[in-house]
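Here, each number is a calculation from the coordinates, and none is a lab measurement. Given the structure is predicted, the values throughout are model-derived calculations rather than measurements. FYI the Cβ positions are ideal-geometry reconstructions off the backbone, even for glycines, and counts take in every protein chain you see.
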Amino acid sequence: MPGAAESHDQFGGSGHLTDSTGDGRAELVAGAFAENDGAGAVWLFKAGTSGITATGSTSFGSTSLGGPAGLSYFGDRFAN
Ligand SMILES: [Ca+2]
């Protein structure tokens with residue numbers, strides 16, 4: 001799993017299941033809105049035949065999508 005746990009990241013403060021690969025198995029998206037002093041980040045965990053796994057997981061923040069740097073609470077909530 002990429003990244004390092006820091007106190008008060010609020011990892012898992014938000015979550016969403018979605019089949020982002022179209023294979024019929026839902027991947028887990030988990031947010032940590034307080035990551036890096038409130039910049040926030042999101043992790044994507046793949047779903048395999050045995051369930052959701054941290055192997056091959058990825059993470060990204062607001063700037064990866066062209067969003068603002070700094071305090072933005074990226075990953076605070078997910079749309080349905
Ligand atoms: Ca899938």
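Worth a mention:
- Filtering the stretch 52-75 to residues that are surrounded by fewer than 16 Cβ atoms within 10 Å (Cβ to Cβ), assigned to a loop (DSSP other than H, G, I, E, B) and not hydrophobic (A, V, I, L, M, F, W, C) leaves GLY66, GLY67, PRO68, GLY70.
- Residues that are without any contact (Cβ under 8 Å) to a residue 24 or more places away in the chain and within 16 Å of the ligand (Cβ to nearest atom) were ranked within the stretch 50-64; the one that is farthest from ASP76 (Cα to Cα) is SER50.
- Scope the stretch 1-41; condition of a type in the set (Asp, Glu) and within 16 Å of the ligand (Cβ to nearest atom); matching residues: ASP19, ASP23, GLU27
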